[in-house]
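Student: Please see the structure below; I have some questions.
FYI, it's all coordinate maths here, none of it is from the lab. Given the structure is predicted, the values throughout are model-derived calculations rather than measurements. Reconstructed Cβ throughout: ideal geometry from the backbone, glycine too, with neighbour counts over all protein chains shown.
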Number of protein chains: 2
Amino acid sequence: MSRTRAWAYLSRCVEGPNRQLQALLANGRDVEEIVQGIKRRETWVGDLLRATEARYQFDQSQQDLDAISRLGGRLVTPDDAEWPTNEFAQAFGFAASGLSDCARSVQDDAVAPHVLWVRGKNVRELVARSVTVVGTRALSTYGRDATRMLVQGLVGHQWTIVSGGALGIDAVAHNTALDCGGRTIVVAACGLDRNYPSSHTGLFDKVVQRGAILSEYPPGVTPARHRFLTRNRLAAALTAGTVVVEAAWRSGALNTLTWAEGLGKVAMAVPGPISTPGSLGCHDRIRSGRAQLVVSANEIRQLLSRVGEIDVDGQYEMLFAPNTVQSLSRNEMRVFDALNREGCTADEVAGAAGLTVSLSVHILVDLVKRGVVVRDGGKFKRVENEGKY
Amino acid sequence: MSRTRAWAYLSRCVEGPNRQLQALLANGRDVEEIVQGIKRRETWVGDLLRATEARYQFDQSQQDLDAISRLGGRLVTPDDAEWPTNEFAQAFGFAASGLSDCARSVQDDAVAPHVLWVRGKNVRELVARSVTVVGTRALSTYGRDATRMLVQGLVGHQWTIVSGGALGIDAVAHNTALDCGGRTIVVAACGLDRNYPSSHTGLFDKVVQRGAILSEYPPGVTPARHRFLTRNRLAAALTAGTVVVEAAWRSGALNTLTWAEGLGKVAMAVPGPISTPGSLGCHDRIRSGRAQLVVSANEIRQLLSRVGEIDVDGQYEMLFAPNTVQSLSRNEMRVFDALNREGCTADEVAGAAGLTVSLSVHILVDLVKRGVVVRDGGKFKRVENEGKY
């Protein structure tokens with residue numbers, strides 16, 4: 001049995017994210033070894049025994065690989081160079097860090113997918129500079145206009161637009177990206193042969209030409225409520241941040257935003273009229289400080305920009321800064337300035353910096369990676385570097 | 001010369017707010033004594049000598065009192081029971097406290113008016129439960145709808161709507177209040193004989209029937225740019241908080257919001273579409289944490305509610321709470337919980353409570369008045385009360 005078939009087997013046999021499977025992989029168990037363990041009902045696979053009870057005897061991995069192949073697609077696994085390793089490591093590493101309450105509330109499903117079924121371009125390249133744009137299915141004229149405006153501005157700077165392929169805001173986001181000659185990814189909640197909703201079949205075929213449609217479910221799997229929620233996690237995990245354009249109370253788009261928060265990504269919401277209920281969910285998240293208010297593509301780009309990148313305001317000097325601290329963007333500097341040598345929690349930093357907890361955590365984790373901040377349990381402090389900045 | 005004539009003389013002779021005049025009054029100098037000092041050019045009146053240089057010889061106090069009388073109005077002074085003593089003491093006391101950066105930036109004009117020229121009902125009664133609603137003159141259909149919605153909800157709970165009588169949002173606020181049988185105040189930037197803008201003459205006459213139009217300028221004074229800015233301070237000072245409904249960049253309405261902030265009032269902004277520039281100023285204030293995002297009249301009422309009042313959610317038990325701490329509203333409790341025994345700055349409290357600095361300061365000052373918090377320089381701490389709550 002090939003490794004690819006082993007991954008395909010796991011995809012059907014262990015549906016959706018599975019903490020035990022990820023733990024085994026993280027502990028160095030090989031995928032083929034795990035598959036053998038499941039098939040032979042060995043006790044070391046632990047919870048996977050129960051999770052695979054109903055399906056472990058039916059191996060249709062070759063049929064699934066044939067099916068994706070007929071669709072012009074492929075199976076992408078952690079073995080492949082195309083696997084978005086960094087994005088997943090950052091997202092699910094953050095969720096596991098216990099750094100935010102929100103991450104704790106979503107953590108049961110907060111593990112990486114084991115595989116991605118893909119039609120279209122190279123996923124890793126597509127998501128390297130990407131943002132998730134989601135919203136209500138019941139879109140208004142305003143929601144449509146706002147989505148178009150933001151997506152045009154983002155695509156104009158080569159950002160890939162990731163969304164859920166649903167009716168409403170999602171469709172406007174995908175279509176606008178394509179209309180502007182940009183790249184877009186549909187994250188599906190079902191097998192790629194399903195084309196849900198079916199009226200979007202044409203859209204999905206166009207998306208594949210310049211972007212991708214992907215799913216963690218093998219061909220044949222039907223859309224279902226729990227899969228939409230799991231899909232939302234994946235849409236948030238793939239990108240640097242999530243923008244909700246229009247969402248009333250209880251909109252599914254807010255679930256994607258919660259995931260972005262829980263995965264340490266930048267959570268953003270677009271305000272809108274108060275005279276209709278369409279933006280109530282966005283306003284609620286802004287009001288409670290769980291999402292940054294954003295009104296333009298420039299602002300989104302600025303929030304998502306990384307150290308060393310050319311800033312929206314053209315701060316070219318950053319590229320030539322003599323040390324890391326001097327190269328920090330404005331928001332990064334606000335976070336850095338909020339720290340002291342005794343250590344602060346992410347909540348304290350957010351309060352002092354005047355940013356959302358989610359964005360502060362995102363920046364803190366990044367500053368740790370760059371070596372100017374250290375994490376000590378639940379606290380962060382500046383790296384001792386007397387006189388250097 | 002009667003006291004009333006002395007006040008009227010000062011109103012024309014010392015235009016606009018004057019720190020030196022307020023200092024003399026605060027130090028116990030009588031109004032008639034001050035007028036004599038000015039007329040006789042006595043050195044103890046200090047800066048007032050220069051401020052009154054051009055006008056001190058022309059006493060037209062009787063003509064001004066006759067003029068306001070012909071308009072069916074009156075002069076209201078600090079001697080009168082109608083003077084809004086509490087509102088001004090809170091506002092200008094806060095500005096003088098140096099508690100916020102914003103207050104420092106506006107403090108040159110941040111002193112009470114010396115008099116109010118009034119047509120209409122009792123000012124003190126009108127402002128006892130009042131909110132300032134302002135916005136752009138270039139209103140959109142959205143701005144009109146949003147203003148109507150909010151004002152209807154506020155007037156339905158007997159809140160007086162204070163605004164500037166200008167074209168646009170101001171006019172919609174006044175008109176909606178009247179249409180709903182509510183009370184409204186126009187704060188004018190010119191003498192009450194001027195009716196600026198003249199197209200609002202009919203509106204002002206209606207306002208007087210159930211509310212008031214007032215100005216700190218005597219009859220005959222024309223509207224001018226600096227008077228609009230000074231007027232904005234007065235509109236913010238009279239009420240518990242200011243809501244900006246629609247304001248692009250550099251809208252004068254934002255100046256009123258800055259005043260609300262600087263005077264320790266609750267600063268609020270209404271979000272709107274991002275597809276037009278009409279709400280850019282509101283979004284900017286929300287984003288920077290300088291204004292609370294509000295989307296409904298209920299929310300505004302909740303932010304402005306005082307301890308002991310029946311809460312929007314019907315928390316009747318507050319009225320019967322066994323002690324002050326147990327009677328705190330939700331936002332008050334957030335502020336109280338953010339405090340410790342060592343003392344926190346208003347900024348720290350705002351960060352920990354997840355509220356704007358402006359609202360936190362407003363609540364802190366109120367809690368000090370109620371005896372559960374003490375102020376110690378720039379810091380606030382809980383009153384020591386071991387085991388009582």
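Student: Of all DSSP beta bridges located in the protein assembly as shown, what percent are antiparallel, nearest 5?
Tutor: Antiparallel: roughly 40 percent of the beta bridges in the protein assembly as shown.
Student: Note the angle between two axes, namely the Cα long axis of helix A:252-262 and the longest principal axis of the Cα atoms of chain A, as a number of degrees from 0 to 90, rounded to the nearest 10.
Tutor: 70
Student: Hey, another quick one. Counting only helical runs of four or more DSSP H residues, what would the 222 nm mean residue ellipticity of chain B come to if each run contributes -39,500 (n - 2.57) and the total is spread over all its residues?
Tutor: So the helix-based figure for chain B works out to -13000 deg cm²/dmol.
Student: Distance in nm between label sites at B:N298 and B:S69, each 7 Å beyond Cα in the beta-carbon direction?
Tutor: Label-label distance for B:N298 and B:S69, simple model: 5.2 nm.
Student: Something else: Would you mind checking which residues have amide H under 5 Å from A:V162's amide H? H placed 1.01 Å from N; only 5 or more apart, or other chain.
Tutor: Here the answer is A:V131, A:T132, A:V133, A:I185, since their amide H atoms fall under 5 Å of that of A:V162.
Student: Considering only DSSP beta bridges with both partners in chain A, what is the antiparallel share in %, to the nearest 5? Write down the numbers at each step before the final one.
Tutor: Working: 13 of 31 bridges.
Within chain A, antiparallel bridges account for around 40 percent of the total.
Student: How high is the relative contact order of chain B, in percent, counting Cα pairs under 8 Å that sit 6 or more residues apart?
Tutor: Normalised by residue count, the contact order of chain B is 14 percent.
Student: Express in whole angstrom the spacing between the alpha-carbon centres of region B:257-283 and region B:332-352.
Tutor: Region B:257-283 and region B:332-352 have Cα centres separated by 24 Å.
Student: A follow-up question, please. Taking θ as phi - 60°, what are the ³J(HN,Hα) couplings along region A:83-94 by the Karplus curve (6.51, -1.76, 1.60), each to the nearest whole Hz, with x for Gly and Pro?
Tutor: Each residue of region A:83-94 in turn: 4, x, 3, 4, 4, 5, 4, 5, 5, 7, x, 4 Hz.
Student: Relative to the longest principal axis of the C-alpha atoms of chain B, give the angle of the C-alpha long axis of helix B:201-210, reported between 0 and 90° and rounded to the nearest 10°.
Tutor: Helix B:201-210 and the main axis of chain B meet at about 60 degrees.
Student: Okay, next question. Spelling out what I want: for every residue of region A:68-79, take phi, set θ = phi - 60°, compute 6.51 cos²θ - 1.76 cosθ + 1.60 (Karplus), and round to whole Hz; glycine and proline get x.
Tutor: Working through the residues one at a time gives 5, 5, 4, 7, x, x, 7, 9, 10, 10, x, 6 Hz.
Student: If I fit a long axis through the Cα atoms of helix B:357-369 and take the longest principal axis of the Cα atoms of chain B, what angle between them do I get, 0 to 90°, rounded to 10?
Tutor: Between the helix axis and the principal axis of chain B, the angle is about 90 degrees.
Student: Given axes a ≥ b ≥ c from the Cα gyration tensor, I'd like to know whether region B:110-248 is rounded (a/c under 1.5), prolate (a/b larger than b/c) or oblate.
Tutor: rounded
Student: Tell me which A residue has its C-beta closest to the axis rotating A onto B, and the distance in Å?
Tutor: A:G351, 1
Student: Something else about it: Counting other C-beta atoms within 10 Å, which of B:M333, B:M268, B:M149 has the fewest, and how do the rest follow?
Tutor: If I rank by nearby Cβ atoms, fewest first, I get B:M333, B:M149, B:M268.
Student: Same structure, new question: If each label sits 7 angstrom from Cα along the C-beta direction, how far apart, in nm, is B:D79 from its counterparts in the other copies?
Tutor: Sorted ascending, the copy-to-copy spacings read 9.7 nm.
Student: Here is a follow-up. If you count, for every residue in A:270-282, the Cβ atoms of partner chains within 10 Å of its Cβ, what is the mean?
Tutor: 6
Student: Can you bin region A:316-382 into rounded, prolate or oblate? Criterion: square roots of the alpha carbon gyration tensor eigenvalues sorted a ≥ b ≥ c, rounded for a/c under 1.5, prolate for a/b above b/c, oblate for the rest.
Tutor: prolate
Student: Build a GNM of chain B with springs between Cα atoms under 10 Å: which of B:V208, B:V368, B:V123 gets the top mean-square fluctuation?
Tutor: Judging by the Gaussian network model, the answer is B:V368.
Student: Sequence-distant or interchain residues sharing an amide H contact under 5 Å with B:V266, placed H: which?
Tutor: B:G241, B:T242
Student: To one decimal in nm, how far is A:D205 from the same spot in the other copies, if labels go 7 Å from Cα toward Cβ? Please give the shortest first.
Tutor: Its label point is 7.1 nm from the equivalent points in the other copies.
Student: Please list, ordered by chain and number, the residues whose modelled amide H lies under 5 Å from the amide H of B:V373; skip anything fewer than 5 residues away on the same chain.
Tutor: Amide H neighbours of B:V373, under 5 Å, 5+ apart: B:V368, B:V383.
Student: Give a residue-ordered list of calculated ³J(HN,Hα) values for region B:218-229 (Karplus: 6.51 cos²θ - 1.76 cosθ + 1.60, θ = phi - 60°; whole Hz; x for Gly, Pro).
Tutor: x, x, x, 5, 8, x, 8, 3, 5, 6, 5, 5
Student: Still on this model: Would you mind counting up the charge near B:P218? Only other residues with Cβ under 10 Å from its Cβ, with Lys and Arg at +1 and Asp and Glu at -1.
Tutor: -3
Student: Follow-up. On average, how many beta carbons from a partner chain sit within 10 Å of the beta carbon of a residue in A:286-293?
Tutor: Values: counts 6, 8, 2, 3, 1, 0, 1, 9.
Averaged over the peptide's residues, the number is 4.
Student: Using a 7 Å offset from Cα along the direction of the beta-carbon, what are the separations from A:N298 to the same position in each other copy, nm, ascending?
Tutor: 3.8
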